[in-house]
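Report on the structure given below.
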Amino acid sequence: MADTKVPNLTALTAPAAADLLYIVDDPGGTPLDKKITAEDLLSKTDYKTTWTPTIIGHTSAGTGTYTVQSGTYAKIANIVFLRAYIVWTAHTGTGLMRIAGLPFTPSTTANVFQPMSVYFSNITLAAVGNKLQIYANPTLPQLNIEEVGSGASAAVAINTAGAIMISGFYFVD
């Protein structure tokens, strides 16, 4: 059973949802041979785990007073799917605003910026109507926060209070 060698297996490079996987249940105790489809394995496996998103300043990280600091993620192969909700009422950081505490460092591949969906409240922007954008930067283990109106985007200075919700994914090396 668990120690049986299956020689000469051919590699499967494009599995289908209905393909069967061989599983040895409880290999350290009383092993039982079982099977599961690739589709069932992925749909019934709970990949969700938590992370703690943190607002920081790029010049000086500072510390924040949070009323909500919630995040979940799932890592499948080299893709990290995440979501976060952060509400802070005071912050001592300085410089450009970033989100830190990512569960994994984004890919360091040059020029691979990975944007996220974002909702925000009480964040000071340069002009009325500007939008907030958040993306994983390949040079930092953080999410960059920028604003854009009708032209080029610009980094956002850290706010002493605000709320941000994000969801998206990024690649890892």
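In the chain, Cα pairs under 8 Å separated by at least six residues give a relative contact order of 21 percent.
Taking the chain as a Gaussian network of alpha-carbon nodes connected by springs under 10 Å, the highest mean-square fluctuation of the residues GLY151, GLY162, GLY62 belongs to GLY151. Modelled spin-label separation between THR30 and THR92, with each label point placed 7 Å from Cα along the Cα-to-Cβ direction: 5.9 nm.
The alpha-carbon atoms of the chain, seen along their principal axes, cover 65, 33, 25 angstrom, with the largest extent given first. Using a Gaussian network model of the chain in which every pair of alpha carbons under 10 angstrom is joined by a spring, one finds that among TYR119, TYR85, TYR135 the greatest mean-square fluctuation is at TYR119.
Given a 1.4 Å probe and every protein chain left where it sits, what share in percent of the accessible area of the chain is carbon and sulfur? Percent of accessible area from carbon and sulfur atoms in the chain: 57.
If R0 is 30 Å, the Cβ-Cβ spacing of GLN133 and ALA18 corresponds to a FRET efficiency of close to 0.15. Using the Cβ-Cβ distance between THR124 and ALA11 with R0 set to 45 Å, the FRET efficiency works out to roughly 0.25.
Residue-wise HN-Hα couplings along segment 94-99, as the Karplus relation 6.51 cos²θ - 1.76 cosθ + 1.60 with θ = phi - 60° gives them from phi, are 10, x, 6, 7, 9, 10 Hz; Gly and Pro carry x. Loop-located trypsin sites (Lys or Arg not before Pro) in segment 45-106 (DSSP state not H, G, I, E or B) with no more than 16 neighbouring Cβ atoms inside 10 Å: LYS48. Adding -39500 (n - 2.57) for every DSSP H run of four residues or longer, then dividing by how many residues the chain holds, sets the calculated 222 nm ellipticity at -1000 deg cm²/dmol. With bins 10 Å wide beginning at 0, the percent of Cα pairs of segment 55-119 falling in each bin runs 18, 45, 32, 6.
The phi torsions of segment 130-140, fed into the Karplus equation with coefficients 6.51, -1.76 and 1.60 and a -60° offset, translate into couplings of 5, 10, 8, 9, 10, 8, 7, 9, x, 10, 9 Hz, rounded to whole numbers, with Gly and Pro shown as x. Based on the Cβ-Cβ distance of GLU39 and ALA110, what FRET efficiency does E = 1/(1 + (r/R0)^6) give at R0 = 35 Å, to the nearest 0.05? The formula returns an efficiency of 0.45 here. Summary value for segment 61-142: 28 percent relative contact order, contacts being C-alpha pairs under 8 angstrom separated by 6+ residues. Protection proxy ranking of 154-161, 22-29, 51-58, by the mean of other Cβ atoms within 10 Å over each peptide's residues and highest first, is 51-58, 154-161, 22-29.
The values are calculated or read from the model by the stated rules, or taken from the named source; none is laboratory data. Keep in mind it's a predicted model, so treat the numbers as computed, not measured. Quick reminder, even Gly has a Cβ in these numbers, built from the backbone with ideal geometry, and neighbours come from all protein chains shown. When the accessible area is computed, the model is the full protein with side chains, heavy atoms only, and any ligands, DNA or RNA have been set aside. Shrake-Rupley method; radii C 1.70, N 1.55, O 1.52, S 1.80 Å.
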